[in-house]
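Remarks on the structure that follows.
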Amino acid sequence: MNIIGIDALLFGVDDLRACRAYLQDYGLTEAAPGRFEALDGTAVLIAPASDTTLPPAPAPGCQLRKTVFGVADAATLDAIADELGRDRAVRRLADGSIESVDDDGFVLGFQVSVRRPVATLGEFANAPGAPIQRAVNTLGVRADAPPIRPRTLSHIVYFVPDAARAEAFYVQRLGFRCTDRFVGVGPFLQPAGTLDHHTHFLIQAPAFMKGVEHFTFHFSGPTEVMQNGYRFIEKGYQPFWGPGRHQLGSNWFWYFNSPFGCHMEMDADMDLHDASWQPRQAELSADSSQAFLLGYRRKWAPGPDTSERGDYA
């Protein structure tokens, strides 16, 4: 199954105004009413929770209504329809996409991917003795830099009551593979059409918790995560975890509370793996979940009044 990744996430929300402001402040562009896009066209879609045309939520209290996958071509759509149609309903929608559900009731959409190329280069870093990466006289940080925009929809994390069963569905029916695993917690899963470490992480949780833990977009590098996260806090949003860097996947992260009933992350520089990669297993702990964790502080400048110096003078 040549599934490239997640093209869109559809939410049914209680406060459209708050969600709209949040997504715009995060860096997404409202390309059409209720559609908030990254640079490559992947998106978050929002609609009123009361909209009766929305797919059902997988569980009470969960605002996610649909995860839409982008696939390589129409042949892949047909293959997915044939596979899932063996034991569950598959709808063909007017826009050419198909819709079904996974074994936990999460509604899934599949469409020929809308992703478009991103022309701007990502972040480069120079290291003494290594070939120059960021060109001479090119600034790493600019005071007049344009607004920071996420590049693409990265991944989503589900709480599921039976992680082994959920994993079997994505691996056996949709061609995903496990890249790494937290023992007793759940797997990181990668579809066949991407090298990203994961587009899904499944967390074993009590049935009443079924839903979404977080979702995230990729930024161009750690500097954008740090700058955008800092600006996000200055706008009044509440951080949850980070900034830091994960162990499994190696991606930089910063998590925030959101009006979507889950957390929303900013991430960058995720590991890439091909079919030769051998999955690792780790016990979940503070050390295995992050290589390091940093803390937010308001900006300050050194001066004669040392009372305002940082923690580490």
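Coordinate-derived values only; no laboratory data. A quick note: this is a predicted structure, and the numbers were derived from the prediction, not measured. For neighbour counting, all protein chains shown are included, and Cβ atoms are generated from backbone atoms with ideal geometry for every residue, glycine included.
With the alpha-carbon atoms of the chain aligned to their principal axes, the span from lowest to highest coordinate is 72, 45, 40 Å, starting with the largest. Charge dipole of the chain (Cα centre as origin; +1 on each Lys and Arg Cβ, -1 on each Asp and Glu Cβ, all else neutral): 420 debye, rounded to the nearest 20.
Each residue, R86 and D51, gets one label point 7 Å from its Cα in the Cβ direction; the gap between the two is 3.4 nm.
In terms of overall dimensions, the C-alpha atoms belonging to the range 100-212 reach 54, 32, 26 Å along their principal axes, ordered largest to smallest.
Put a plus charge on the Cβ of each Lys and Arg, a minus charge on the Cβ of each Asp and Glu, and nothing anywhere else: the dipole of the range 147-275 about its Cα centre is then about 240 debye. Loop-resident trypsin sites (Lys or Arg not before Pro) (DSSP state other than H, G, I, E or B) in the range 180-240 with no more than 16 further Cβ atoms inside 10 Å of their Cβ: K235. The C-alpha radius of gyration of the range 1-96, expressed as a fraction of 2.2 N^0.38 Å, stands at 1.20.
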